[in-house]
1. Could you give the length gained by full extension between PHE477 and ARG366, i.e. 0.36 nm per residue of separation minus their alpha carbon distance, to one decimal place?
2. Between the alpha-carbon centers of segment 406-424 and segment 587-639, tell me the distance in whole angstrom.
3. How would LEU455, LEU498 line up by accessible area, probe 1.4 Å, largest first?
4. Quick one: Cα centre-to-centre distance for segment 441-483 and segment 492-511, in angstrom?
5. Using the alpha-carbon centroid of each, what span in Å lies between segment 347-404 and segment 53-99?
6. With the full set of protein chains in place, find how many percent of the accessible area of segment 309-408 is carbon and sulfur; take the probe as 1.4 Å.
7. Using a 1.4 Å probe, what is the accessible area per residue for segment 386-425, in Å²?
8. So what is the accessible area of segment 330-373 per residue, in Å², with the probe set to 1.4 Å?
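The values are calculated or read from the model by the stated rules, or taken from the named source; none is laboratory data. Keep in mind that what you see is a predicted model, and the values were worked out from it rather than measured. Every residue, glycine as well, gets a Cβ built from its backbone with ideal geometry; the counts of neighbours run over all protein chains shown. To get the accessible areas, we keep the full protein, side chains included, count just its heavy atoms, and leave off ligands, DNA and RNA. Shrake-Rupley method; radii C 1.70, N 1.55, O 1.52, S 1.80 Å.
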Amino acid sequence: MEQAANIRPRLRALSGEIAAPPIFLDLNEGDSFIFGRNLDADLPVRNIGVSRRHCRIVNADGIFSLEDLESHNGTFVNDAPIKTHRLEHGDRIRVGTADFQFLLDESDDALLIDAQFDDGTLITNSIIRIFPNTAVEDFPTDLTILVKLGKAVKELRETEVLQRRLLEIILEFIPARHGAILAADENGNEKPPICVLAKGDFDHAPMQISRTVSQQVRHEQIALLSNDLTDKNLSGSASLIASRVSSLLCVPLKIGDGKGLIYLDASDPKVRFTENHLEQMTAISFLVSAALQNAEALETLRRENAVLKDNLHIETNMIGESPPVKEVLRLISRVAPTDATVLITGESGTGKELVAQAIHRNSLRREKLFVAINCAVLNENLLESDLFGYEKGAFTGAAGRKSGKFDLADGGTIFFDEIGELAPPLQAKLLRVLQEREFERVGGNQPIKVNVRVLAATNRNLEDDVKNGRFRSDLFFRLNVVPLKVPPLRERKSDIPLLARHFVKKYSERCNRKVSGLSNKAREILLAGEWQGNIRELENVIERAVVLGSGGEITPEDLPGELVGNAPPDEFLGGSGDFNEQLKQAKQKIILTAVEKSRGNFSEAARQLNIHPNNLHRLIRDTGIKDELKRLLEDVKND
């Protein structure tokens, strides 16, 4: 295929931060044009969604193709992801958030320009108006323009790109020099033109728009045509005179909650808009209005979705996709940017400290320290000196001044785990810090100002402790500004496989063992568990299975007997009665049979059972068959 000599392939920027003038692709046979974030790319696109070498256009014997260069976020043509795509005239290319249009045909080009309102008065006697009660079905409309508009509406989803494409199509069929889409808000306040195109001589001067005409079309909702805009008709409209406007054609639009219009003008005295043009544009306006309203609604949904995703896109070590976890993440995203005190409640092992770390990590204090204190492991005297520090000579052994946790956490976050175990005297001192934002070191008498955010966690019911006098009510209310409950694992069981895979990977790497995951039966057993110890218990179970197991995946034999005993009976024996006893008897029989067949060779018996010998010895110990096995070995020896 020979490239026409008068055609210069080019790219036109539709959106993003690329300059408006066309980018010509003067590519010889075999040459390529590279898009990317690198400064040495043919077209540098400085966008976080763009790879260093994102994609390229290649000329192969006059045929232009777009190739994705294994970019992270993909390359799109007409909103569809591509690896390699032969480019046609009008194809839209999306790289990151930047949009381009590939052009070959010189006749189908329009240039984005600016526009400004002219406040002069128009005096003309040849205005034709179409009122809204005119029947739409009476308007003759060229089928081709409807097909093109329908295709654009179907393919384009971004409002800005859609507006431009709709104007381009209109300028193909209407002999106008300029085209603009104007809008006003729901209160009728005029907005700047939202899209303006120039056709023909590509005059870069701003388009002049008659404010009187635009207001009349919007307020009266009429379609308007005028062909006699000579100098004498443009009273006070110096800018319109200078721009040589001779004809106008305007039709109203309904855009969202406001009213807009399509505004077309011509400057060639030989060009006259006809009533057919006016009728066509009036019919087209209904389609354009619906398309722009839908695009605007979609943009709104996208923005809301982006906000929701941004709210959930927080830095955290928490693992889970269940609704309870997503609700916790949502609360974290809302409370993290503030300095509010948060009381995190939940059973032991649910990950309360991970929640506290996530709050700190996504706060404005993330560059400062996160200091955690377990109130349950220190006695009252040690905890006070650990919290506030001490002065030299404050007690025996205090050889010098020492800073406390509050000193370390200044500017950052201090986290009190198991706050319900805090001794009453320390409760009073902590209350003072929360109220006054100052403390005194042990043995000191000078107040020290501190700027910390306080987070606390407990597995106790502090409200009951307040009623019973074990916890100060004023401190409880100071801590419970924002309550955040972490759900137990049994309320988020859909997260168990995800957590189990994480722990398998963690401990297989730590133990230098290749464990791919869980067998189906092992997964079902985990899902059936009660998990009173929550995530901490699950982690311990997986660690034990990885350490003691020998196969490439975790099987029921690698799990604790009490956990296996909680699984549904039909998972293994299909019988009724005491499942634990049935399971124990079945294991005993299987082991004794294997040892008997192997003539007392434990390695051979383990091979028959497809388990490691160490695992076999563990099963023998767990099932309590040492005596039976001893008798069996004696019988084998006597045989």
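1. Numbers: separation 111, 0.36 × 111 = 39.96 nm, distance 2.56 nm.
Full extension of this stretch gives 37.4 nm more.
2. About 55 Å separates the Cα centre of segment 406-424 from the one of segment 587-639.
3. Numbers: LEU455 0, LEU498 50 Å².
Accessible-area ranking of LEU455, LEU498, largest first: LEU498, LEU455.
4. Segment 441-483 and segment 492-511 have Cα centres separated by 35 Å.
5. So the two Cα centres are separated by 55 Å.
6. The value for segment 309-408 is 49 percent carbon and sulfur by accessible area.
7. Numbers: 1730 Å² over 40 residues.
Using a 1.4 Å probe on heavy atoms only, each residue of segment 386-425 averages 43 Å².
8. Numbers: 1900 Å² over 44 residues.
Per-residue accessible area for segment 330-373 comes out at 43 Å².
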